[in-house]
Protein chains: 2
Amino acid sequence: MDPRIRDHAAVLVDDCTGIEAGDQVAIVAPPAAEPLVTAVAELVGEHGGVVSTSLGSQRSQRAYKLAAAEETLAMENEMARAKYEAADAVVQIRGGENLSETGDIPPEKNATSKRANQAVQEALLDSEWVLTQWPSTGYAQKAEMSTPAYEDFVWNAINKDWDAVREHQAQLVELLDPAEEVRIVSGDTTDVTMSVAGNHAENDADDNNMPGGEVFTAPIPDSVEGEVLFDKPVIIQGREILDVRLVFEDGKVVEHAASKNEDLLTSLLETDEGARRLGELGIGMNRDIDRFTGNMLFDEKMGDTVHMAIGRGYEETVGEGNERNESTVHEDMIVDMSEDSRIEFDGEVVQKDGAFVFEDGF
Amino acid sequence: MDPRIRDHAAVLVDDCTGIEAGDQVAIVAPPAAEPLVTAVAELVGEHGGVVSTSLGSQRSQRAYKLAAAEETLAMENEMARAKYEAADAVVQIRGGENLSETGDIPPEKNATSKRANQAVQEALLDSEWVLTQWPSTGYAQKAEMSTPAYEDFVWNAINKDWDAVREHQAQLVELLDPAEEVRIVSGDTTDVTMSVAGNHAENDADDNNMPGGEVFTAPIPDSVEGEVLFDKPVIIQGREILDVRLVFEDGKVVEHAASKNEDLLTSLLETDEGARRLGELGIGMNRDIDRFTGNMLFDEKMGDTVHMAIGRGYEETVGEGNERNESTVHEDMIVDMSEDSRIEFDGEVVQKDGAFVFEDGF
């Protein structure tokens, strides 16, 4: 076994979830990820945990959803809920061989099923959970990389000293947490200002996403002013939205455009009241993620980027008495900050062309 | 998709489990069986059931059990129990690509894990369950057949008119059910007598095993006397036990031998009190199973055979007030009855050299 697989497993089991003797641990993964599943199961065994492994089948999921009526999909998967309720930790691994394998399920059917299984998702999120990536052929292709090169990319981003990462990121948290106003400027297409007064800056390292590597907070929903051009594609249900441009007034999107699939962007913004406002501002700091790969789990952590999510805000980032965006959607979109760009906190430049004020080269 | 896969799925969903709208259906299978899993999921979707699919990972199971201490394996998999308790039906599909994939797990570890998960097994058996076979390369190799020839074999044994099968087998049930004593004689190596007084003869067609095709009952645990040489290999955890010979006194195995892996047989017999006594007597009647393939699911249903299981007896076969073998193990072993053999019920010969009293050629 490639030793990097064991290292990856150790990051998941020791750093992210902290599995101990007696823990009930569910592992959920695609069949292609079996080597990582095996390494995780072995380590959980060494630590004295109990393992339940389920490899997924996207083909059967697709056949099922195509065959089932809406009223069938409106029923909860009680088996999955019971399983997650009994789990102390859940290790979720992505890595299908064809990213479009379930792409022809009608979106309404997926939405019905998602609504019916909200309690399943909540049971999962109530555990010590972590979401990570297996370097599958499908994701390598999406990244336009050979599989061995993609393996290097994934494991470089994941297998490292996460205490050191947390310490490095703490420098930004210390600046962002007390800040009241954030301004993001990139070229002549993005200039947006928002209040984060009273909200919390979170340090994401070896937590629920692996790779981690971002500092994030919540904008005050009504405070966002200006315009943003998101440079990188937004992928929703297997469809790509390109060149998303949003104009904000009093926190609300009052103008929007996209060069591809604008209708999908429109329907997203119309989901509910909160879908027209931001819920998250994140600053990517994982410098081992050195390219966009069309996978938000990595793209949003990339160094020299900022992401903003329309929709739901994370509870832990919203300060007492401050409003939280309660939308049912949460869609991250990315701005490249590597050139001709700056981030200001209360009028002070904290990042310029990708270098932070506490780094060499600023 | 090979139309025989859809036929197989229909036998499982319509005949064996009778899945209806609202049923929670768990599908458990090896990754190789994904085509059958997909056909089953699709049909359950059409019928309005909810599906939870788990493909297994023998490699991760092996790694886990090798790494885990005995005390870890003595803990129950609460996640699996919760899942099966929530399931109305469970479709279990076999068909690994390497039958020895978990063969190097120490037998004691498997025994500990099995004991710890008895309630998991009971929760599964409390559902409408069915166990069936995917014609995988590994099982084809075990059968010493090409994969296409093995596919023919599997689907010939499974895809047929199960009502007609049940009717044919009912003739034997009518003889066995009222019988008090059964004697099995084969060559000069097997001559064993047992009481089945008050116990029930079951007609297995499209029930819990697919293929089905046997009539079975439970011996009274203390009543078995004599000796048996099992002609066909017993495969436990990927290891083959050859030429098993058991001698019974007052129902208990007082002598045992095997020409290969006798230690495995010994440890099996020492699992618990019931492991030294029979729990089942079965008479194979599926004439489409025309050869031994080293797979008990098929071998025990083969025409012209008898099988006896040490360990647990099936509840439905044990008459009121009669003792049930409560062992945690259940291991079937086969005697070839095609030549120089006979079965007697209360002193009357009901089968001779493979032909039943109600068949031509008796």
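The values are calculated or read from the model by the stated rules, or taken from the named source; none is laboratory data. Keep in mind the model is a prediction, meaning the values are calculated, not measured. So basically every Cβ, Gly included, is an ideal-geometry build from the backbone, and we count neighbours across all protein chains shown.
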A:ASN208: surrounded by fewer than 20 Cβ atoms within 10 Å (Cβ to Cβ), within 22 Å of the chain's Cα centre (by Cα) and more than 21 Å from A:GLY103 (Cα to Cα), yes or no? yes
Out of (1) at pLDDT 95 or above; (2) farther than 29 Å from A:TRP162 by Cβ, the one A:GLY238 does not meet is (1)
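Would you mention how many residues in segment A:23-43 are part of a helix (DSSP H, G or I) and more than 7 Å from chain B (Cβ to nearest Cβ)?
Step one: list which residues in segment A:23-43 are part of a helix (DSSP H, G or I), which gives A:31-43.
Subset that is more than 7 Å from chain B (Cβ to nearest Cβ): A:32-33, A:35-36, A:39-40, A:43.
Here the count works out to 7.
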In the set A:GLU70, A:GLU97, A:GLU101, the lone residue that is charged (D, E, K, R) and either modelled with pLDDT of 95 or more or touching an Asp or Glu at 6+ places or on another chain (Cβ under 6 Å) (or both) is A:GLU70
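Going through A:ILE241, A:ILE220 one at a time, which residue ends up being crowded, with 17+ Cβ neighbours inside 10 Å and within 30 Å of A:LEU99 (Cα to Cα)?
One residue alone meets the criteria, A:ILE241.
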Among residues of segment A:67-85 being more than 7 Å from every other protein chain (Cβ to nearest Cβ) and touching a residue at least 40 places away in the same chain (Cβ under 8 Å), the residue surrounded by the most Cβ atoms within 10 Å (Cβ to Cβ) is A:TYR84
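Against the definition (assigned by TED's automatic domain parsing to the domain that holds B:GLN58 and not in a loop (DSSP other than H, G, I, E, B)), how does B:PHE153 come out, yes or no? Can you show your working first?
Numbers: assigned by TED's automatic domain parsing to the domain that holds B:GLN58: yes; not in a loop (DSSP other than H, G, I, E, B): yes.
It is true that B:PHE153 is assigned by TED's automatic domain parsing to the domain that holds B:GLN58 and not in a loop (DSSP other than H, G, I, E, B).
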Out of all the residues in segment B:214-234, is one or more under 14 Å from B:MET308 (Cβ atoms), β-branched (Val, Ile, Thr) and at pLDDT below 95? yes
Filtering segment A:161-195 down to residues that are within 30 Å of A:ASP206 (Cβ to Cβ), surrounded by 15 or more Cβ atoms within 10 Å (Cβ to Cβ), more than 21 Å from the chain's Cα centre (by Cα) and among the hydrophobic types (A, V, I, L, M, F, W, C) yields A:LEU175, A:ALA179, A:VAL182, A:MET194
Query raised in the report: Does any residue of segment A:197-205 turn out to be under 20 Å from the mean Cα position of the chain (by Cα), under 28 Å from A:ALA157 (Cα atoms), at pLDDT below 95 and in the same structural domain as A:MET333 (by TED's automatic domain parsing)?
Result: no
Among helices (runs of 4 or more DSSP H) entirely within segment A:47-126, at least 1 residues that are closer than 18 Å to B:ALA80 by Cα occur in A:78-86, A:118-125
A:PHE358 - would you say it is in contact with a strand residue (DSSP E or B) (Cβ under 8 Å, 6 or more places away or on another chain), surrounded by fewer than 21 Cβ atoms within 10 Å (Cβ to Cβ) and of a type in the set (A, V, I, L, M, F, W, C)?
no
How many residues of segment B:47-62 are more than 24 Å from the chain's Cα centre (by Cα), surrounded by 24 or more Cβ atoms within 10 Å (Cβ to Cβ) and facing chain A (nearest Cβ under 7 Å)? The answer is 3
Can you confirm whether A:GLY103 is in contact (Cβ under 8 Å) with a residue 40 or more places away in the chain, more than 7 Å from chain B (Cβ to nearest Cβ), under 22 Å from the mean Cα position of the chain (by Cα) and surrounded by fewer than 18 Cβ atoms within 10 Å (Cβ to Cβ)? yes
Of those in segment B:134-178 that are among the hydrophobic types (A, V, I, L, M, F, W, C) and without any contact (Cβ under 8 Å) to a residue 12 or more places away in the chain, the residue farthest from B:LEU99 (Cα to Cα) is B:ALA164
